[in-house]
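Only one structure is covered here, and it is reproduced in the block below.
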Amino acid sequence: MNYHLNNLPERTVKPRQSGFTMAMDKGLSVREAEDFVSMAADYVDIVKLGWATSFVTPTLKEKLSVYKDAGIPVYFGGTLFEAFIIRDQFDDYRKVLDKYNMAYAEVSDGSIDLEHDKKLGYIEKLSKQVTVLSEVGSKDADKIIPPYMWIDLMQKELDAGAWKVIGEAREGGNVGLFRSSGEVRSGLVQEILTKIPFEKIIWEAPQKAQQVWFIKLLGANVNLGNISPNEMIPLETIRLGLRGDTFLHFLGLERKKDKNTPAFEAD
């Protein structure tokens, strides 16, 4: 940090299991990736090349090298995995991972109907090759998964070999964990947390209000994903209580009031 401030929440350091931030690269150029890591590498734990953007990125190898040189792991979005699976090309997908020296892979079924036993089989096989992140939840806003099923799916995928599970929200933050308005399905989140370990979940939270909600609920070291590169520095200030939304939260002042004192409110 550039100077000292007292009473900041303690942040974990890389490599970390909690306080983990996954950035979403939706098609940055090589130069943009260089600029991104020059400013935010300390705060980025992993980069996802969104959905199947890696298929059409003309400078893919060069961009992967930028992240590798910055010490930031990269993985291809889960939709690419699904694109291979629906075409019965699982072995080809594994070859792609090897071709690009990928150490991580995402297994998801948000766009396709995939029997869960088959999904677990893919997780188990891939976990022998790479570190697997598995995504739970549908990209279909009309498909509502009850909390007990989220818990069951997450636990089985962890048991099958997933390193962490990802709560689906899409890049817009308007499905899965969230209502179409972007509002958090708070009861769902809190029920999931009664059974699944805090550090094993990455919550996709692309919108600032969603990030604030999770940080206020779970603290500075909650795992968050689908963060836009230009929101990485702003997110870190929210984690540290240095933006209006959480400015008073970590000082314990947010709800302190009496009859003669106005309530503290974040802007």
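A short reminder: the numbers here are calculations on the coordinates, not readings from a lab. All values reported here derive from a predicted model rather than from experimental measurement. So basically every Cβ, Gly included, is an ideal-geometry build from the backbone, and we count neighbours across all protein chains shown.
General observations
- Given their separation in residues at 0.36 nm each and the Cα-Cα distance between them, Asp159 and His116 gain 14.2 nm when the chain is fully extended.
- Applying the criteria of a DSSP loop state and at most 13 other Cβ atoms within 10 Å to the GluC sites (Glu not before Pro) of region 1-109 yields Glu10.
- Under the criterion of Cα pairs below 8 Å and six or more residues apart, the relative contact order for region 21-251 equals 17 percent.
- Inter-label distance for Tyr148 and Lys125, nm, one decimal - labels placed 7 Å from Cα along Cα-to-Cβ: 3.2 nm
- For Phe214, Phe81, Phe198, Phe36, order by how many other beta-carbon atoms lie within 10 Å, fewest first: Phe198, Phe214, Phe36, Phe81
- Taking 17 Å as the straight-line reach from the Cα of Lys119, the lysines in range (excluding those fewer than 8 positions away in the same chain) are Lys128, Lys139, Lys156, Lys164.
- In region 31-185, Rg over Rh equals 0.97, where Rg is the alpha-carbon radius of gyration and Rh the Kirkwood radius from pairwise Cα distances.
- Between region 79-151 and region 1-40, the alpha-carbon center distance in angstrom: 26 Å
- For Val222, distant residues with modelled amide H under 5 Å away: Gly19
- Remark: the Ala41-Asp140 segment gains 32.3 nm on full extension, using 0.36 nm per residue and subtracting the alpha carbon distance.
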